[in-house]
Number of protein chains: 2
Amino acid sequence: MATISDVAKLAKVSVATVSRFLNDSGYVGTKSRESIENAIKELNYVPSEVARSLSTKQSDIIGLIIPDIKNPFFPELARAVEDTAFEYGYTVILCNSDENAMKEKHYLEKLTKKYVAGIILTSIIEQENHWQNVKLPIVALDRPIDSKVATVTTNNQKGAELATSYLLECGAKNLLCISGPKNMTSSQTRIEGFKAALHRNGVDAHIIESPYDFEIAEKILYDYLKANPSIDGIFACSDASAIGALKAAHRLKLRIPEDIQIVGFDGIQVGNVVTPSLTTVAQNIYLLGQTAAELLIKQIEGQKLAQESICIDPELIIRETTRKERSE
Amino acid sequence: MATISDVAKLAKVSVATVSRFLNDSGYVGTKSRESIENAIKELNYVPSEVARSLSTKQSDIIGLIIPDIKNPFFPELARAVEDTAFEYGYTVILCNSDENAMKEKHYLEKLTKKYVAGIILTSIIEQENHWQNVKLPIVALDRPIDSKVATVTTNNQKGAELATSYLLECGAKNLLCISGPKNMTSSQTRIEGFKAALHRNGVDAHIIESPYDFEIAEKILYDYLKANPSIDGIFACSDASAIGALKAAHRLKLRIPEDIQIVGFDGIQVGNVVTPSLTTVAQNIYLLGQTAAELLIKQIEGQKLAQESICIDPELIIRETTRKERSE
DNA sequence: TTGAAAGCGATACCAG
DNA sequence: CTGGTATCGCTTTCAA
């Protein structure tokens, strides 16, 4: 691998001049410029980002910490982050935390060691403040972590209200809400929205908890629906549990949407391919990722954006698990 | 940020000693050890990987270049790579090439600049040899690129034969094969397998081409099945096109598997959630990724594995788009 | 068992 | 416009 001084030697100039040429900083004469260009060609020279990082204490690497890329919500998010990073000349390191605080900490430290430029984080740790030590620019994605940290989320409350009202509008009388894990703020907020919408309509309802996993949700819902046949409308806090509910209903020979209607939350691809296709509150996943990346890059590049938080509206996508019947 | 010399100063030893301590290389006296440990605690010292990289010319970063993380095949693959990397102390940079040679080249160069330790690559460029310049350890994943490069693939031929024979066994008489893009070796190999199985059985069949995208496949298949109602068995070279076929058949009011049977290829999650659930030749995606990562790390750590190539057997997963009827 | 000092490959300040 | 050189933080001989 050729180095900058090889280039300098061959071009018969100093390394300083080559460096200036490389970074378009300061003057470089036409002759110098030319011979440097040739030398670079000839030596097949590629500057070392590592050396540059060491001397500038900066890098163009962004760390992305998410629970699990296998979770269908995250590929699109990761893609959006990567696209945006690419556009601005950054590169992304992918870390799967498995919702595990130890792993999250491990990665945080590891990324710090690498002088990453900044971190985008869907954190499991919503209460502790172990990122206080992290001096880097951070953006919290999907889950807020600290009021001082820039955050990008979906308007969960609004989305849940949208879903719930629509279910009611479609004639559902006996509602069930499938919440996510209790420690997830987003799930809690969705439940708030659910309750608010019910309250406005004077209806009462059940709430049960299930992880965002369609097989587990299917089991839980199978038992629950069997025991509570009067339920005719379900709002699930995730598409995964909505699909679980759909499968459970299938097994119980309930017709969808005639006997029971279902609305999910997230807007992942599978919802569209399942039969009947899932009515859902779709988060704008790509925009979420893109916005987070842009916010981070702004911070990295110096613009202080004092506790800027961005909340993105979701959108109700009506498909086949609900019936529009204007409640007569 | 504290540096190694801060630690040395505080611990009243030399940086060399601290370095030896950090890397467990060479002797460090008990007293030195102790004071170094304290100094590190006190200063909250974290070694800089960048500086280390610069002096050792090594790093613990692995580059992973794939077409698109949104493609349902890749999240699990990426996860396997990341898990394995994590286990061995490496970190992975994710790059989406979009099947675009320019982007692929860009990333290859970018990764080189960063002194990545090695690269795992699902390449679009199967003919050109632009990786000849890349001096780094490389493993080709899913798609072979060069006989000199270690490769991990699924046994596509065998998988296709498995699928085709099974379709025949289930009584299908009039087969259609949906191939992938012509320039993909894996798709070509699957077609070989399809033909081989047919040949053994003296049956003839149609082959059409479709991208690995279920919406496009649905359109193509809708027209094709409409024009060729005699087709009663489909082998798709990807689950995506299989699902497209399934949807098309649905729209044509064909009953599955009574009127038409379908077998896919890949074994992605959605196949299981679609209705009826998809019979498919499942690649062992996780193992694929894990093996590639292990092969790469072995190379990185010095073991020369002259053109080692690993071919992993897929497995037929029988679900609901086929009917087992032992050919009457 | 320890430390001094020479790199690693760039950047950037300061003279010229 | 250009070049010398200190510096970034760590590793690695080589002597002591």
Please work out if B:LYS135 is over 14 Å from the mean Cα position of the chain (by Cα), in a loop (DSSP other than H, G, I, E, B), away from DNA strand D (no atom under 16 Å from the Cβ) and facing another protein chain (nearest Cβ under 9 Å).
yes
Matching residues in the range B:18-33 - criterion: being at negative phi and within 10 Å of DNA strand C (Cβ to nearest atom)
B:VAL18, B:SER19, B:ARG20, B:PHE21, B:SER25, B:TYR27, B:VAL28, B:GLY29, B:THR30, B:LYS31, B:SER32, B:ARG33
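Give the residue, chosen from A:VAL134, A:VAL139, A:VAL152, that is more than 23 Å from A:ARG323 (Cα to Cα), surrounded by fewer than 22 Cβ atoms within 10 Å (Cβ to Cβ) and not polar (S, T, N, Q). Let's see the steps before the verdict.
Details: A:VAL139 fails: surrounded by fewer than 22 Cβ atoms within 10 Å (Cβ to Cβ); A:VAL152 fails: surrounded by fewer than 22 Cβ atoms within 10 Å (Cβ to Cβ).
Going through A:VAL134, A:VAL139, A:VAL152 in turn, the sole match is A:VAL134.
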Residues in the range A:230-246: is at least one at negative phi, surrounded by fewer than 24 Cβ atoms within 10 Å (Cβ to Cβ) and either of a type in the set (Lys, Arg) or without any contact (Cβ under 8 Å) to a residue 12 or more places away in the chain (or both)?
no
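Regarding B:ALA101, is this residue within 13 Å of chain A (Cβ to nearest Cβ) and of a type in the set (Gly, Ala, Ser)?
Numbers: within 13 Å of chain A (Cβ to nearest Cβ): no; of a type in the set (Gly, Ala, Ser): yes.
It is false that B:ALA101 is within 13 Å of chain A (Cβ to nearest Cβ) and of a type in the set (Gly, Ala, Ser).
Filter the range B:247-258 down to residues that are free of Cβ contacts under 8 Å to residues at least 60 places away in the same chain and either among the charged types (D, E, K, R) or away from chain A (no Cβ under 14 Å) (or both), then give me how many there are.
Matching residues across the range B:247-258 total 6.
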Would you check which residues across the range B:27-54 are of a type in the set (Phe, Trp, Tyr) and either more than 12 Å from DNA strand D (Cβ to nearest atom) or away from chain A (no Cβ under 14 Å) (or both) and list them?
B:TYR27
Out of A:VAL7, A:VAL15, A:VAL46, sole residue that is of a type outside the set (Phe, Trp, Tyr), near DNA strand C (Cβ under 9 Å from one of its atoms) and crowded, with 21+ Cβ neighbours inside 10 Å:
A:VAL7
Residues of the range B:21-61 satisfying the condition of being farther than 26 Å from A:GLU49 by Cα and among the charged types (D, E, K, R)
B:ASP24, B:LYS31, B:ARG33, B:GLU34, B:GLU37, B:LYS41, B:GLU42
Could you check the range B:257-274 and list, in sequence order, the residues that are more than 17 Å from B:PRO72 (Cβ to Cβ) and of a type in the set (S, T, N, Q)?
B:GLN261
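Pick from the range A:218-244 the residues that are of a type in the set (A, V, I, L, M) and out of contact with any Phe, Trp or Tyr (no Cβ under 9 Å at 6 or more places or on another chain): which of them is farthest from B:ASN272 (Cα to Cα)?
Here the residue is A:ALA227.
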Give the range B:86-97 a look and list any residue that's surrounded by 24 or more Cβ atoms within 10 Å (Cβ to Cβ) and more than 8 Å from every other protein chain (Cβ to nearest Cβ), or say none.
none
Taking first residues from the range A:68-93 that are farther than 14 Å from B:LEU64 by Cβ and second residues anywhere that are in a loop (DSSP other than H, G, I, E, B), the pairs with Cβ under 7 Å that are 6 or more apart or on different chains are A:ASP68/A:ASP98; A:PRO72/A:ILE268; A:PHE73/A:ILE268; A:PHE74/A:ASP68; A:GLU76/B:LYS70; A:GLY89/A:ASP60; A:TYR90/A:ASP60; A:TYR90/A:ALA117
Residues that are basic (Lys, Arg), surrounded by fewer than 23 Cβ atoms within 10 Å (Cβ to Cβ) and not in a helix (DSSP H, G or I): does the range B:197-204 have at least one?
no
With the condition kept exactly as written, say whether any residue in the range B:69-76 is within 14 Å of chain A (Cβ to nearest Cβ), buried (at least 18 other Cβ atoms within 10 Å of the Cβ), within 34 Å of the chain's Cα centre (by Cα) and within 10 Å of DNA strand D (Cβ to nearest atom).
no
So which residues in the range B:157-187 are touching a strand residue (DSSP E or B) at 6+ places or on another chain (Cβ under 8 Å) and assigned to a helix (DSSP H, G or I)?
B:GLY159, B:ALA160, B:LEU162, B:ALA163, B:THR164, B:TYR166, B:LEU167, B:LEU168, B:SER186, B:SER187
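Where a number appears in this text, it was derived from the coordinates with a stated rule and is not lab data. Predicted model only: the values in this text are computed from it and were never measured. All Cβ positions, glycine included, derive from the backbone under ideal geometry; neighbour counts span all protein chains shown.
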